[in-house]
Amino acid sequence: MPEQSLPPPDRNANDELTIVGLRAFADNYIWVLRHAGNAVVVDPGDAAPVFEHLRLSGDKLTAILVTHRHPDHAGGVSALHEKFGIPVFGPARENIPCRTHDLLGGESIAVPGLDLQFDVLDVGGHTLGHIAYYRPKILLSGDALFVLGCGRLFDGTMAQMAESIRRISALPSDTQVYCSHEYAVFNLPFALAVEPGNQRLQQRAAILKKMISENQATVPSLLGDELDTNPFLRCDVSEVARSAQTFCGRTLTNEVEIFAALREWRNTL
């Protein structure tokens, strides 16, 4: 599948990094972090787009970062590891093929080939051991956070997922969120239903609708925009709480209950 080039999140003389999104399956992104002729891939669910990128670019693959175990994120790891024998970083609590570096969250890792450090965040909920990778202005969020949405729960708890979203929300608002799916077209109607009075959301909806109609990528998104418009990051907002209570037909007493109601509501759509 063709790749989509995206602008670098930040660039200076000492830290030049570009990020390229390779499309896979129906709506996945495989992120390629490129620096000085080296490449690190994130969540390669399919090895074929990565092999094609390497052929066209001449990049040298130096590492793989995995956020969680699902096949559309880890299905291409074995083929890439077998071909290049490179390190594979992934969550210790999940079955990641060929994993060489076990991560729980809380670590700081030097990513081979990039000359850059990433902090590892525990963002369990979508899956029990889900992790994300963060450095200033970049969050590789996997399926924890999407444009106007968050991941469906498989084996984590609502409290765990709510805490993971809170942890992401505490990052600087200028963080660019590189999630692993193009889901804005699905999440936008839900966000508008939850918080129709949010003028910032109405403005963003107009922009996103135009991007979607023109088949433009809506990823990465700015965390500040998610804080202003993503209902899962706004459980402390009165209109969001009222909408969640209307959906479930009972009084909700805390933000975890509000979050859980929103997630259950989104699951019905």
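The values are calculated or read from the model by the stated rules, or taken from the named source; none is laboratory data. Predicted, not measured: the structure shown is a model, and the values here were computed from it. Cβ sites come from the backbone with ideal geometry, for glycine too, and all protein chains shown count toward neighbours. Surface accessibility is based on the protein's heavy atoms, side chains included, excluding ligands, DNA and RNA. Shrake-Rupley method; radii C 1.70, N 1.55, O 1.52, S 1.80 Å.
Observations on the model:
- Most mobile listed residue (Arg250, Arg242, Arg23) in the chain, GNM with C-alpha springs under 10 Å: Arg250
- Think of the range 92-208 as a dipole: +1 on every Lys or Arg Cβ, -1 on every Asp or Glu Cβ, centred on the Cα centre; then among Ala159, Ala184, Leu121, Ala184 lies furthest on the positive end.
- Phi to ³J(HN,Hα) by Karplus 6.51 cos²θ - 1.76 cosθ + 1.60 over the range 235-246, Hz, x for Gly, Pro: 5, 8, 8, 4, 5, 5, 5, 5, 5, 5, 5, 4
- Per DSSP, loop GluC sites (Glu not before Pro) in the range 154-217 with at most 10 further Cβ within 10 Å: Glu214
- Value of relative contact order over the range 55-172, rounded to a whole percent, pairs C-alpha under 8 Å and six or more apart: 19 percent
- For the chain, a Gaussian network of Cα nodes joined below 10 Å ranks Cys248, Cys179, Cys98 by mean-square fluctuation, and the top entry is Cys248.
- Seen through its C-alpha gyration tensor, with square-root eigenvalues sorted a ≥ b ≥ c, the range 135-259 comes out oblate because a/c lies at 1.5 or above while a/b is not bigger than b/c.
- Counting only DSSP beta bridges whose two residues both lie in the chain, roughly 70 percent are antiparallel.
- Antiparallel bridge percentage (DSSP; both residues within the range 67-185; nearest 5): 65 percent
- Rounded to the nearest 10 Å², the accessible area of Ser213 at probe 1.4 Å: 90 Å²
- Förster radius 45 Å - calculated FRET efficiency between Glu82 and Gln203, Cβ distance, rounded to 0.05: 0.40
- Charge dipole of the chain about the Cα centre (unit charges at C-beta), most positive-ward option of Ile212, Gly76, Val20: Ile212
- Chain lengthening between Lys210 and Leu192 when straightened (0.36 nm per residue, less Cα-Cα): 4.9 nm
- The range 54-68 - phi-based ³J(HN,Hα) in whole Hz, Karplus 6.51/-1.76/1.60, Gly and Pro as x: 5, 5, 6, 8, x, 4, 9, 6, 10, 5, 10, 10, 10, 8, 6
- From phi via Karplus (6.51, -1.76, 1.60), per-residue ³J(HN,Hα) for the range 136-142 in Hz, x at Gly/Pro: x, 6, 9, 10, 9, 9, x
- Set of aspartates and glutamates near Lys210 by C-alpha distance (under 15 Å), chain-local residues within fewer than 8 positions excluded: Glu182
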